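Data block below; observations after.
The values are calculated or read from the model by the stated rules, or taken from the named source; none is laboratory data. These figures come from a predicted structure and were not determined experimentally. Backbone-built Cβ (ideal geometry, glycine too); neighbour counts: all protein chains shown. Quick note on the areas: whole protein, heavy atoms, side chains included, nothing else; ligands and nucleic acids left out. Shrake-Rupley method; radii C 1.70, N 1.55, O 1.52, S 1.80 Å.
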Amino acid sequence: MRITWSSTSPFVRKVIVFALETGLDARIERVPIKTTPTTPSPELSRYNPLTKLPALQTDEGTWLFDSPVICEYLDTLNAAAPLIPREGAERFDVLRLQALSDGLVEAGLLCRYESLRPSAHAWHVWTESQLGKVNRALDALEIEARDGRHFSLERLHLGQIAVACALGWLDFRQVAGDFRLARPNLAKWYGQFSERSSMASTVPHEE
Ligand SMILES: N[C@@H](CCC(=O)N[C@@H](CS)C(=O)NCC(=O)O)C(=O)O
């Protein structure tokens, strides 16, 4: 398998952490790609018409995207306990946590792209609105972390991986200040989760 890769993408990181945790990483070649909304990679557009990272090529040659679909695919190859429960309420709790975390990053990315605009074209109302989404998602995650049911360090699942990669990206890009302020349960859980070798070996850095 091959994956389009960038060390700074939280969606790529989610897939790589998933692959490391399921022992599939050794079967996935990383193809470095640089792309932004204003300078789309021509190579990436051949694999994913949306020109977004990540895309994963299966051993049969099919290109899959986006990151939730890739994780679902990898779980079908996973010989150990599934990281995405196959059915029932548990499955939808995990998928909901992933959607919340991915949505948080998507809103954060829109803030970041907005900050790269020439200042004469900056649209502060837009940024404030996206930041509202980020902060409400963080508050919802703090409630989840305090509740603890889906945050057990003994029962790993995709939802936790998605949350941790989203928080790692916020730390890296600093689009919304320090998420830990007034979110002690989330901060504690993230500190512990970050010690996993899959997380420690995938910390984002500028290329
Ligand atoms: N829903 C997609 C989001 C992917 C995404 O937004 N990737 C960013 C990198 S973090 C990207 O490639 N952005 C380039 C663009 O928007 O043109 C997924 O989960 O894979």
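In percent, how large is the relative contact order of region 88-196, given Cα pairs closer than 8 Å and 6 or more residues apart?
Numbers: 91 pairs, mean separation 39.0, N = 109.
36 percent.
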- Across K14/K34; K34/K188; K14/K52, pairs whose alpha-carbon gap is larger than 23 Å: K34/K188
- For region 40-90, which trypsin sites (Lys or Arg not before Pro) are in a loop by DSSP, counting at most 15 other Cβ atoms within 10 Å? R86
- Query: On average, how much accessible surface per residue is there in region 2-77, in Å², for a 1.4 Å probe, leaving out ligands, DNA and RNA?
  - Reply: 46 Å²
- Query: So, how do all the Cα-to-Cα distances of region 2-77 break down into 5 Å bins, in percent, from 0 on up?
  - Reply: 3, 17, 31, 28, 14, 6, 1, 0
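Of all the accessible heavy-atom surface of the chain, with the other protein chains kept in place and a 1.4 Å probe, what percent is carbon and sulfur? Before the final figure, lay out the partial values.
Details: 5820 of 10480 Å².
Answer for the chain is 56 percent, counting heavy atoms of protein chains only.
How large is the direction-averaged shadow of the alpha-carbon convex hull of region 88-196, in nm²?
Working: hull surface 27.6 nm².
Its Cα hull, projected and averaged over all orientations, spans 6.9 nm².
Expressed in nm to one decimal, what extension gain is obtained for the pair S152 and E207 from 0.36 nm per residue of sequence separation less their Cα-Cα distance?
Full extension of this stretch gives 16.5 nm more.
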- Note on the structure: Output for region 1-61: GluC sites (Glu not before Pro) sitting in coil per DSSP, at most 13 other Cβ within 10 Å, listed by number, reads E60
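Sum up the charges of everything whose Cβ sits under 9 Å from the Cβ of A162, counting Lys and Arg as +1 and Asp and Glu as -1, but leave A162 out. Let's see the in-between values first.
On the way: positive: K14; negative: D102.
Here the charged neighbours net out to 0.
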- Query: Considering only the other residues whose Cβ falls under 14 Å of the Cβ of L44, what net charge follows from Lys and Arg at +1 and Asp and Glu at -1?
  - Reply: +3
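Taking a probe of 1.4 Å, how large is the accessible area per residue of region 88-196, in Å²? Please list the in-between numbers first.
On the way: 5600 Å² over 109 residues.
On a per-residue basis, 51 Å².
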- Query: So what are region 30-115's ellipsoid semi-axes, whole angstrom, largest first, if each one is the square root of 5 times an eigenvalue of the alpha-carbon gyration tensor?
  - Reply: 26, 20, 8
- Query: Within a Cβ distance under 13 Å of F11, other residues only, what is the Lys/Arg minus Asp/Glu net charge?
  - Reply: 0
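On a full-extension model of 0.36 nm per residue, what is the gain between N135 and D93, subtracting their alpha-carbon distance, rounded to one decimal in nm? Provide the component values of the computation, followed by the final result.
Values: separation 42, 0.36 × 42 = 15.12 nm, distance 2.03 nm.
Additional length available on full extension: 13.1 nm.
Compare H121, H205 by solvent-accessible area with a 1.4 Å probe and give them largest first, with all protein chains kept in place.
H121, H205
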- Once the Cα gyration tensor of the chain is diagonalised, what are the square roots of 5 times its eigenvalues, in whole Å and ordered largest first, as equivalent ellipsoid semi-axes? 25, 24, 14
- Item | From phi via Karplus (6.51, -1.76, 1.60), per-residue ³J(HN,Hα) for region 165-173 in Hz, x at Gly/Pro | 5, 5, 5, x, 5, 4, 4, 5, 8
- Message: Given an 8 Å cut-off on Cα distances and at least 6 residues of separation, report the relative contact order of the chain as a percent.
- Response: 25 percent
